[in-house]
Structure formats: C-alpha cells, structure tokens
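Heads up, the thing below is written out as structure tokens.
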Amino acid sequence: MKSRPPANLMPLFAFRSSGGFTLIELMLVLLVMGTFATMVVPSVATSLRSNSVEATTSKVHELLNFACLSAISRHKPVVLNIDSERRRCWVTVRATSLPWIEYEEEKPESRTLAVMEVPEGTSIVITRAESPSFAAASSGTWETIVFQSDGSAEDAIIELTDQRGEPREIQVIGSTGEAIIQKEDVT
C-alpha cells in the first residue's frame, strides 16, 4: 500500500478538478486577443484600400485591352466610355442596322459590350496627348477613348486616384492602342 506524500510536498494545483477554465484565465485570453486585433486591423484595412485602387486599375486596363481587340476583330470603331459622376466604365460599339430588317422603333445606335463599376472614392482623370504639352487633364463627367478598326487610338494617360490620394496610371499608346500600367518608382 502506497502512502500519500505529506501535504507540504504536494503541488499547489494537484487536486484541482479539470472541469473548465477560471474567469481569470478567460479574461487573460480575451485581453491577448483584443491586443492582437488592435494591432492587426489597421494594417489589414490599409492593405485592402491599397489593393482596391490596384484592382480597379487592373480592371480598367482589361477594359482598354478588350476595347482595342474588339475594334480589330469587328473591323469598326469601339469606344471606352468613362463616367466619373456615375462611377461606371463601359465599352460600346456602333450597332449594325441591316437594311432588310424592319425595326419597330428607331434603328439601334450602339451596343454595350462590357460594363464595370468604379469603387466609391476612386476618381479617374484622362490626360490627352493632343492637349498642349500633355498637361491639360479632363475630369469631366463623361470621357471617351475611341479605338479604330486597326486598334489605334489617341495617346492618353488615365490616372486613377483613391481616397488617400495614391495615383495609379495607365498609358494608352495611340499608334498601337496598347495600354500599359505605369509601375511606381521605387527610390
């Protein structure tokens, strides 16, 4: 028969039941989690906002490429429309009206090929090459960039800016219609 060790040699918590956590343990865990959350949330929010303008720039870039390729494949001008006030971008092509079809209403003017919503807080400004010294920017409510049937367009720079004022630029090379996202200078 084994004898129990004297009480002064037994660990302090040796006879504690393992039924759950104490209130102090739970409060400590909540305190640690709260401290961690206050450190992480601001950096995640900043990252999401930064990704928002990058994602919007990428989507506008895709619309520019789509408009250029659509003009080439359809052998007719295709227009990228940018409406800053309504926060929308869309690609249209002039609809073909066939002379042997009788239209109940007016002949169709244009057809929408693609639409994109611009996130709130993002502004789009187009600077055109035909402007003196490439400096006059247009931030009117509705701007267009026309891609001709050979894919060419006018030279332009599209600047997207988010709420924090971080700009992203897309350059449209007129002779080829190529759209290039300008990378930030790392200094």
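List of remarks:
- Counting 0.36 nm for each residue step from residue 75 to residue 142 and taking away their Cα separation leaves a gain of 21.6 nm.
- Inter-label distance for residue 120 and residue 175, nm, one decimal - labels placed 7 Å from Cα along Cα-to-Cβ: 4.5
- Placed amide H near residue 178: partners under 5 Å, 5+ positions off or other chain: 173
- Inter-label distance for residue 40 and residue 110, nm, one decimal - labels placed 7 Å from Cα along Cα-to-Cβ: 4.7
Read-outs: derived from the displayed coordinates by stated rules, not from any lab. Note that the structure is a prediction, hence the values are computed from the model and not measured. Methodologically, a virtual Cβ is constructed for each residue, glycine included, from the backbone with ideal geometry; neighbour enumeration extends over all protein chains shown.
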